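One structure is given below, encoded as structure tokens.
The values are calculated or read from the model by the stated rules, or taken from the named source; none is laboratory data. Everything numeric in this text was worked out from a predicted model, so none of it was measured. FYI the Cβ positions are ideal-geometry reconstructions off the backbone, even for glycines, and counts take in every protein chain you see. Just the protein is used for accessible areas: all its heavy atoms, side chains included, with ligands, DNA and RNA removed. Shrake-Rupley method; radii C 1.70, N 1.55, O 1.52, S 1.80 Å.
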Amino acid sequence: MLPATIQGILTSSLSDGLIYAFVAVGVFITFRVLAFPDLTVDGSFVTGGSIAAVMIVSGHNSFLATIAAIGGGLACGAVTGLLNTKLRITALLAGILMMVSLYSVNLRIMSGANIPLLRQITIFKSIANFFGTAKSVILVIGILAVLALIVFMILNWFLRTELGLALRASGDNEQMIRGLGSDTDKNTIIGCSLSNGMVALSGALVAQNQGFCDVNMGIGMIVMGLAAVIIGGALFHPRGVASMLLAALGGTFVYRLFITIALRLGLAPGDLKLITAVLVVIALCIPYIQKKARHEWMPPAVKF
Amino acid sequence: MDTSKDQSLLQLRSVRKVFARGTIDEVTALYGINLDIYPDDFVTIIGSNGAGKSTLLNIIAGVFPPEMGGKVIIGGEDVTDLSEYKHATYVGRVWQEPHVGTAGKLTIEENLSLALLRGRPRGLRPSLNKQHRELFRSALAPLGLGLEDRLNTLVGTLSGGQRQALALVMATISKPVLLLLDEHIATLDPRTAQIVLNLSDMIVQRERMTTIMVTHNMELALRYGNRLIMMHKGRIIVDIGQQDKQALTINDLVTAFEQAAGEQLTDESMLLSHR
Ligand SMILES: Nc1ncnc2c1ncn2[C@@H]1O[C@H](COP(=O)(O)OP(=O)(O)OP(=O)(O)O)[C@@H](O)[C@H]1O
Ligand SMILES: [Mg+2]
């Protein structure tokens with residue numbers, strides 16, 4: 001048996017890793033597949049949480065509430081995609097505009113800044129009830145693992161379909177894929193939508209797991225998602241759709257491991273954003289330092 | 001006008017293009033072009049830098065529309081206002097730079113699969129299957145570059161010449177009615193350029209594809225195709241068909257240029273390089 005502290009660190013990294021993995025997968029779709037730096041995430045994460053919270057509090061089934069949350073995320077992403085493709089607003093600005101305006105939207109959805117869910121039948125509690133047990137970390141990990149597996153299989157299938165491949169090509173060479181007859185506007189909208197659907201799913205699960213939804217819980221989510229994708233990329237050097245998705249999952253786990261250890265070492269929760277940023281910087285500059293050590297050349301970073 | 005042979009495949013009517021209208025950088029790239037291209041045509045286009053050759057191809061490919069009043073008709077359908085991805089149904093294209101016509105982060109077979117679906121709806125079927133791979137192998141084998149055994153290789157790791165050969169196969173594999181080649185061998189070394197050029201000719205002959213090839217090389221423009229067009233400052237100044245073209249020499253071209261453009265060609269390589 002592992003010592004209790006290590007076991008605690010591992011289980012909590014695993015459950016957090018799985019629950020935030022959907023954000024990482026969402027960020028992977030926009031940043032890596034579409035090459036669309038989408039910052040909607042900080043807003044759509046809370047939109048997912050608040051839709052689920054409001055529906056659960058008003059007595060709806062938690063599964064239905066979670067699916068509705070995904071729907072809300074899909075809609076947010078579609079709007080970002082529309083702003084970019086139909087109104088020709090740059091990806092960064094479209095995402096920032098959405099992130100900011102969703103803050104107000106989320107306050108409206110929740111009619112306030114916070115909704116407690118402690119005594120509500122969340123998706124975790126209803127599954128625990130179904131099995132006749134109480135909600136435990138192991139059960140949460142089990143539920144999330146099944147969900148992550150389903151999402152992984154769906155995306156792994158989708159990105160290999162004709163449409164999915166066109167999406168990937170849109171992020172690689174837009175000029176070419178347009179010249180081959182694929183509507184790149186449509187691809188961008190679908191990709192952004194899918195991405196934010198994943199993010200909203202994560203928000204809905206986090207709210208139900210922690211027992212409340214707060215309008216500020218999305219702050220820094222984009223950086224966290226990026227951290228997971230970048231760490232996953234740096235550690236696993238993925239090639240191909242399946243391994244890239246797995247790297248995003250693995251990256252989230254490793255990221256969460258760092259965070260959990262940092263907290264156990266006595267750092268305050270307020271320090272986490274800085275730690276995240278430092279992790280991203282380290283993961284990003286590893287390739288450059290490696291090349292430098294081998295006296296290889298690397299082009300300067302792009303400015304936009 | 002009885003057979004389809006006489007019916008033009010591509011019609012351009014009063015096609016004008018002005019860039020940066022209303023600013024001090026305003027340029028008129030094309031002045032009212034009228035052009036008919038017929039199904040059997042293999043047209044070579046020459047002309048100095050900035051003559052409007054690429055702009056003309058961009059308009060045919062639907063990258064941007066011509067100014068109001070211009071018309072682009074392909075195969076009898078008015079495609080003037082259709083977006084670029086809809087033009088793709090009819091138009092295959094190879095650009096000057098190999099990386100423009102291929103997706104470097106995808107594999108050879110993924111690139112070809114994207115090309116195979118030109119002009120068809122892309123749905124939720126798997127993008128690759130066994131028949132596709134067979135088809136890809138048989139399309140790549142004639143290139144003699146060994147690409148047929150490397151279907152799973154990332155395109156970004158291929159050489160420029162290999163990539164351009166792949167781009168050519170991608171532009172033609174779904175047999176669009178019109179093939180546009182914009183200086184597609186200009187960045188290749190002489191040997192690879194010759195290979196890609198022969199390939200283009202072979203595919204064009206085999207598929208009987210209507211082709212427009214832009215080049216700066218007058219020899220090539222004379223050797224290939226059945227019709228030669230010379231452009232200058234946004235206008236077509238020479239348009240020579242099969243009969244006249246056979247007897248044509250580079251000197252004739254230079255003379256034709258000087259007469260039509262009303263300019264002395266002090267250094268012919270400056271305008272129409274032999275490269
Ligand atoms: N996107 C653009 N914006 C502004 N001006 C443009 C643009 N594209 C082309 N032009 C201008 O239009 C004119 C024609 O350019 P075009 O690229 O068609 O020439 P070209 O015949 O292809 O030349 P080259 O042989 O150098 O490729 C040039 O004066 C060019 O500066
Ligand atoms: Mg050009």
request  = Enumerate the helices (runs of 4 or more DSSP H) found wholly within segment B:143-236, keeping only those where 2 or more residues are more than 21 Å from A:Asp172 (Cα to Cα) and free of Cβ contacts under 8 Å to residues at least 24 places away in the same chain.
outcome  = B:190-207
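Condition check ((1) in contact with a Leu (Cβ under 8 Å, 6 or more places away or on another chain); (2) open to solvent by 10 Å² or more (accessible area, probe 1.4 Å)) across all residues:
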| residue | (1), (2) |
| --- | --- |
| A:Val199 | no, no |
| A:Ser202 | no, no |
| A:Gly211 | yes, no |
| A:Ala248 | no, no |
| A:Ile261 | no, yes |
| A:Leu265 | no, yes |
| A:Pro287 | no, yes |
key: Unique residue being in contact with a Pro (Cβ under 7 Å, 6 or more places away or on another chain), over 12 Å from A:Val25 (Cβ atoms), away from chain B (no Cβ under 13 Å) and of a type in the set (Phe, Trp, Tyr) when the list is A:Phe236, A:Phe212   = A:Phe212
query = more than 16 Å from ligand 2 (Cβ to nearest atom) and either away from every other protein chain (no Cβ under 14 Å) or not basic (Lys, Arg) (or both): does that describe B:Val155?
reply = yes
query = If A:Val254 passes every condition in (1) more than 14 Å from chain B (Cβ to nearest Cβ); (2) part of a loop (DSSP other than H, G, I, E, B) but one, which one does it miss?
reply = (2)
ask   = Say we look at segment A:144-172 and pick out the residues that are open to solvent by 40 Å² or more (accessible area, probe 1.4 Å) and touching a strand residue (DSSP E or B) at 6+ places or on another chain (Cβ under 9 Å); which of these is farthest from the other protein chains (Cβ to nearest Cβ)?
value = A:Trp157
request  = Please go through segment B:45-78 and pick out each residue that is in contact (Cβ under 8 Å) with a residue 60 or more places away in the chain, buried (at least 17 other Cβ atoms within 10 Å of the Cβ) and away from ligand 2 (no atom under 14 Å from the Cβ).
outcome  = B:Val72, B:Ile74
message = Being more than 7 Å from every other protein chain (Cβ to nearest Cβ), open to solvent by less than 20 Å² (accessible area, probe 1.4 Å), in a helix (DSSP H, G or I) and among the hydrophobic types (A, V, I, L, M, F, W, C) is the filter here; which residues of segment B:82-132 pass it?
response = B:Ile108, B:Leu112
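Rundown of residues vs (1) surrounded by fewer than 21 Cβ atoms within 10 Å (Cβ to Cβ); (2) under 26 Å from A:Thr47 (Cα atoms); (3) over 19 Å from the mean Cα position of the chain (by Cα), yes/no style:
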site: A:Ser182; (1), (2), (3): no, no, yes
site: A:Asn187; (1), (2), (3): no, yes, yes
site: A:Gly218; (1), (2), (3): no, yes, no
site: A:Met221; (1), (2), (3): no, yes, no
site: A:Pro238; (1), (2), (3): yes, no, no
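Answer with yes or no whether B:Phe136 is within 16 Å of ligand 2 (Cβ to nearest atom) and of a type outside the set (A, V, I, L, M).
So B:Phe136 does not fit the description; no.
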